[in-house]
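The values are calculated or read from the model by the stated rules, or taken from the named source; none is laboratory data. Since the structure is predicted, the reported quantities are computational estimates derived from the model, not experimental observations. Virtual Cβ from ideal backbone geometry, glycine too; neighbours counted across all protein chains shown. For accessibility, only protein heavy atoms count, side chains too; no ligands or nucleic acids. Shrake-Rupley method; radii C 1.70, N 1.55, O 1.52, S 1.80 Å.
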Amino acid sequence: YVGSHIRPRVQVPDKWHWPVGVSLSTEIGFQSSQYSDQTWSLEIRPIIDKQLNQFYISVNPTLGIGLNGHGDHAPSFEPNVKASYAIHKVALGLEYYGSVGQVDEIPAISQQNHAIFVAADLDVDPRWEINFGPGWGLTKATDAFVFKVIIGRRIDWKKMRKH
């Protein structure tokens with residue numbers, strides 16, 4: 001167990017007919033001190049994505065902010081990219097997760113975190129997000145192997161207000 005996060009997200013409405021999806025996610029969460037010296041963190045995650053039939057791609061130029069722990073609290077640049085292809089109710093794809101470093105002092109690439117995951121998304125119910133898969137570190141500073149499982153519950157606040 002690494003930690004838990006809450007991620008409220010707002011998005012440009014589909015009725016605006018933008019050529020790409022645009023949303024903003026703000027994630028606050030806890031990570032075990034074995035995983036990070038920043039046990040509480042905040043992410044500001046712009047999301048630019050596009051669904052083309054079964055193909056999906058997203059780019060997240062994320063800023064991460066440590067809320068406690070050791071050291072400086074300057075935001076770090078943590079880019080993420082995802083590409084997947086859906087077959088029935090399973091989307092298989094590649095995901096990249098990076099942590100380049102604090103924006104005011106970018107370390108050498110060997111000290112940055114970069115990982116590639118082979119991941120699956122299960123579309124079992126629109127209320128749930130289920131994502132999992134193995135990942136491999138691309139630098140010495142990154143964990144060599146990680147298996148991730150993300151289980152999320154989507155809440156439609158419009159429906160909640162009606163009840």
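Could you please find all residues in region 121-155 being within 18 Å of the chain's Cα centre (by Cα), of a type in the set (G, A, S) and surrounded by 14 or more Cβ atoms within 10 Å (Cβ to Cβ)?
Matches in region 121-155: G133, G135, G137.
Looking at P19, P8, P75, P79, which one is farther than 22 Å from Q102 by Cβ and in contact with a strand residue (DSSP E or B) (Cβ under 7 Å, 6 or more places away or on another chain)? I'd like the intermediate steps shown before the answer.
On the way: P19 fails: in contact with a strand residue (DSSP E or B) (Cβ under 7 Å, 6 or more places away or on another chain); P75 fails: farther than 22 Å from Q102 by Cβ; P79 fails: farther than 22 Å from Q102 by Cβ.
Going through P19, P8, P75, P79 in turn, just one is farther than 22 Å from Q102 by Cβ and in contact with a strand residue (DSSP E or B) (Cβ under 7 Å, 6 or more places away or on another chain): P8.
Return a yes/no flag: does region 71-87 have any residue that is at positive phi and modelled with pLDDT of 95 or more. Step through it out loud before you land on a result.
In the first step, residues of region 71-87 are kept if they are at positive phi; the result is 71.
Subsequent filtering for residues that are modelled with pLDDT of 95 or more retains none.
Within region 71-87, none of the residues are at positive phi and modelled with pLDDT of 95 or more.
Is there any pair linking a residue in region 3-16 that is more than 25 Å from S33 (Cβ to Cβ) to one that is open to solvent by 100 Å² or more (accessible area, probe 1.4 Å), with Cβ under 6 Å and at least six apart or on different chains, and which?
Correct list of pairs: V12/W18.
Can you pull out every residue in region 13-36 that is surrounded by fewer than 13 Cβ atoms within 10 Å (Cβ to Cβ) and not in a loop (DSSP other than H, G, I, E, B)?
Matches in region 13-36: D14, K15, W16.
State whether the residues of region 79-100 include one that is over 30 Å from W18 (Cβ atoms) and free of Cβ contacts under 8 Å to residues at least 24 places away in the same chain. Please lay out each step first, then the result.
We begin by selecting, within region 79-100, every residue over 30 Å from W18 (Cβ atoms); these are none.
No, every residue in region 79-100 fails to be over 30 Å from W18 (Cβ atoms) and free of Cβ contacts under 8 Å to residues at least 24 places away in the same chain.
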